[in-house]
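Undergrad: First the structure, then my questions, so here it is.
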Amino acid sequence: MWNSTTRMMVAVAAVTLMIFLSSASADDVVALTQNSFENEVGKDRAALVEFYAPWCGHCKKLAPEYEQLGTGFRKTKSVLIAKVDCDEHKTVCSKYGVSGYPTIQWFPKGSLQPKKYEGARTAEALAAFVNLEAGTNVKIASAPSSVVVLSPDNFDEVVLDETKDVLVEFYAPWCGHCKALAPTYEKVAAAFNLDEEVVIASVDADKYKNLAEKYGVSGYPTLKFFPKSNKAGEDYSGGRNLDDFVAFINEKCGTYRDGKGQLSSKAGIIESLNGLVKEFVSADDNEKKAVYSRLEEEVKKLKGSAARYGSLYLKLAKKSMEKGTDYANNEILRLDRMLEKSISPAKADEFTLKKNILSTFA
C-alpha cells in the first residue's frame, strides 16, 4: 500500500489539477452576439475571435485550449479573446466570410478587417500568435502533470500495489519517440486522474538502468501494464494514440472514460442489479420495500468500486420510494442542466454516475 506521504502527494496533485481545469473558465472567453460584436471588436483593443458551432467536433476539441488562452489573457487590457456561436448568430458569421468551423480570425485594434489564423490549435500556439500580433508577452500556464513519476524509491510502492492497475512508460529523455509520445501520455493520465484504482506512470529508464534491466526494457519508449492480478507486468503492444490508450485502460480496468476524462453512459451500471431495479420500478408501494431488501442483500456482495456504485443504487431507490414514480425522470432532467454548466471534473463524475444509475429507474 502507498504510505501517507505518497497518498498526500497524489491527492494534492489531483486537487491542483481540478482547480486548474475549473479555473480555465469559459467566462474568460467573451461570448459575442450580433448586437455586441461591433461594440467590442474593432475598437480600442485587438481581438482574436473564434467562430464556432456547438455541434462541431473540432470546435469541442478546441474549446479547452481556447478557454486556457482566454484565462492567460484575462488581465491583458489590450487584447480581447472572444467567440461567436454561428448557429445562433449566422449574420455576423456570414459577414466575416465564415464557411467552416472553427474559424479563428484576428482583428487589429481599431479595425474590422480580419486576418485568418492558420496555425496550430493549441493554447501555446494561439498565445504565440497573439503575442506577435499585439506586442504582448503572455505565457500560458501549463496544467500540472497527472503522470506519476517513478524512481527506485517509490517504484515498488506504486507499481506493485495490488489495489492499483498501473501503466508504466519506460523512457529516455533523449529519445525522439518518447518526446513525441509525451503529450498523448499526459492526456491519458489526465483522463484517468479521478480513477483512484488506475495509475498512469513513467520512469526515466536511462537514469535508472537497473529498473529497465529488471523488466527487460531494451528500447524506448517501452510500455508495461501491471494489473492488480499480475505484478510481473505485461507488455503493452497497442496503438499509441489517445483513443488506443483509453480503450485499453477501459477494457483492462473496467473504467468508462473518453479521451477528455468524461464518463460514458455505462459508468456505474451494475448489470447484476438491473433485474431487481426493474422489479422495484414495476412493484406497487407495498412490494417495493421487499424488493429493496433484496437489492440491499445483493449490494452487500459487491466489492471495490462496484460496492460504491451499489450504495448509490440503494440511495436512489430509497429516494424513489420517498418522492414517487416521477423522481427518476425529474432528477435526470435536473442533472442534465447541471452538467451543461461549468463544473469541476469531480462534480461532473458525481452527476454522471447518478444520472446513469437513475436511467435504470426511469
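The values are calculated or read from the model by the stated rules, or taken from the named source; none is laboratory data. What you see is a predicted model; the values in this text were computed from it and never measured. In this analysis, Cβ positions are derived from the backbone assuming ideal geometry, glycine residues included, and neighbour counts consider all displayed protein chains. These accessible areas exclude ligands, DNA and RNA; they are computed on the full protein's heavy atoms, side chains included. Shrake-Rupley method; radii C 1.70, N 1.55, O 1.52, S 1.80 Å.
Undergrad: Which whole number in µm²/s is D for the range 240-362 by Stokes-Einstein, with the Kirkwood Rh taken over Cα pairs at 20 °C and 1.002 mPa s?
TA: For the chosen part, D equals 139 µm²/s.
Undergrad: Mean Kyte-Doolittle of at least 0.5 plus a Cα span of 15 Å or more along the axis: flag which DSSP H helices in the chain meet both, please. Intermediate results must be reported in sequence, preceding the final value.
TA: Numbers: long enough: 4-23 (28 Å, 1.48); 57-72 (24 Å, -0.90); 123-134 (16 Å, 1.09); 176-191 (24 Å, 0.06); 242-253 (16 Å, 0.38); 271-282 (18 Å, 0.20); 285-300 (23 Å, -1.58); 304-323 (29 Å, -0.53); 327-339 (18 Å, -0.36); 345-359 (21 Å, -0.45).
Passing helices, by number: 4-23, 123-134.
Undergrad: Going by average Cβ neighbours within 10 Å, how do the peptides 113-125, 155-167 rank, with the highest at the top?
TA: Packing order, densest peptide first, comes out as 155-167, 113-125.
Undergrad: What would the Debye equation give as log₁₀ I(q)/I(0) for the range 301-357 at q = 0.15, 0.31 Å⁻¹, counting only Cα atoms as equal point scatterers?
TA: So the normalised log intensities are -0.49, -1.19.
Undergrad: Tell me the net charge near A47. Cut-off is 10 Å between Cβ atoms, A47 excluded, with +1 for each Lys or Arg and -1 for each Asp or Glu.
TA: For residues surrounding A47, the net value is +2.
Undergrad: Which lysines have a Cα lying under 16 Å from the Cα of K214, excluding residues fewer than 8 positions away in the same chain?
TA: In chain and number order, the partners are K224, K231.
Undergrad: Please sort by residue number the trypsin sites (Lys or Arg not before Pro) in the range 307-362 whose DSSP state is loop and whose Cβ has at most 16 other Cβ atoms within 10 Å.
TA: Those satisfying the criteria are K341.
Undergrad: Hand me the GluC sites (Glu not before Pro) from the range 22-90 located in a DSSP loop with no more than 14 other Cβ atoms within 10 Å, in residue order please. Show your work: numbers first, answer last.
TA: Numbers: sites: E38, E40, E50, E65, E67, E88; in loops: E88.
Those that pass, being in a loop and sparsely packed, are E88.
Undergrad: With both partners inside the chain, how many of the DSSP beta bridges are antiparallel, as a percent to the nearest 5?
TA: Among the beta bridges of the chain, antiparallel pairing accounts for roughly 45 percent.
Undergrad: Shifting gears a bit: Note the per residue figure in Å³ for the convex hull of the C-alpha positions in the chain.
TA: Per residue, the Cα convex hull of the chain comes to 170 Å³.
Undergrad: Same structure again: Accessible area of H89, 1.4 Å probe, to the nearest 10 Å²?
TA: 30
Undergrad: Over 30 Å between Cα atoms: which of K209/K252; K228/K278; K266/K289; K60/K319; K187/K228; K115/K179 fall into that group?
TA: Result: K228/K278; K60/K319; K115/K179 exceed 30 Å.
Undergrad: Have a look at the range 30-134 and give its Rg and Dmax from the Cα atoms, expressed in angstrom.
TA: So, for the range 30-134, Rg and Dmax equal 12.4, 33 Å respectively.
Undergrad: Enter the accessible area per residue of the range 148-253 (Å², integer; probe 1.4 Å; all protein chains in place).
TA: So the range 148-253 comes to 48 Å² accessible per residue, rounded to a whole number.
Undergrad: Run through the DSSP bridge list for the range 30-134 and note the antiparallel percent, rounded to the nearest 5.
TA: Details: 7 of 17 bridges.
Percentage antiparallel, nearest 5: 40.
Undergrad: Translational D (Stokes-Einstein, µm²/s) of the range 113-181 at 37 °C and 0.692 mPa s when Rh comes from the Kirkwood sum over C-alpha pairs?
TA: Values: Rh = 16.2 Å.
The calculation lands on 202 µm²/s.
Undergrad: Now for a different question. What do you get for GluC sites (Glu not before Pro) in the range 280-354 restricted to DSSP loop and a cutoff of at most 12 other Cβ within 10 Å of the site's Cβ? Don't jump to the answer; show the numbers that get you there.
TA: Details: sites: E287, E296, E297, E298, E322, E331, E340, E350; in loops: E340.
Passing sites in the range 280-354 are E340.
Undergrad: Hey, how many Å between the Cα centroid of the range 39-110 and the Cα centroid of the range 229-271?
TA: 35
Undergrad: Please report, as a whole percent, how much of the solvent-accessible surface of the chain comes from carbon and sulfur atoms (probe radius 1.4 Å).
TA: On the way: 9830 of 19440 Å².
The C+S portion of the solvent-accessible surface of the chain is 51 percent.
Undergrad: I want to verify the translational diffusion coefficient of the range 148-253 in µm²/s; compute it with Stokes-Einstein, Rh as the Kirkwood radius over Cα pairs, at 20 °C and 1.002 mPa s.
TA: Translational diffusion coefficient: 156 µm²/s.
Undergrad: Place a +1 charge on the Cβ of each Lys and Arg in the chain and a -1 charge on the Cβ of each Asp and Glu, then give the dipole magnitude about the Cα centre in debye, rounded to the nearest 20. Walk me through the numbers before you get to the answer.
TA: Values: 48 positive and 49 negative charges, 127 e Å.
So the dipole magnitude of the chain works out to roughly 600 debye.
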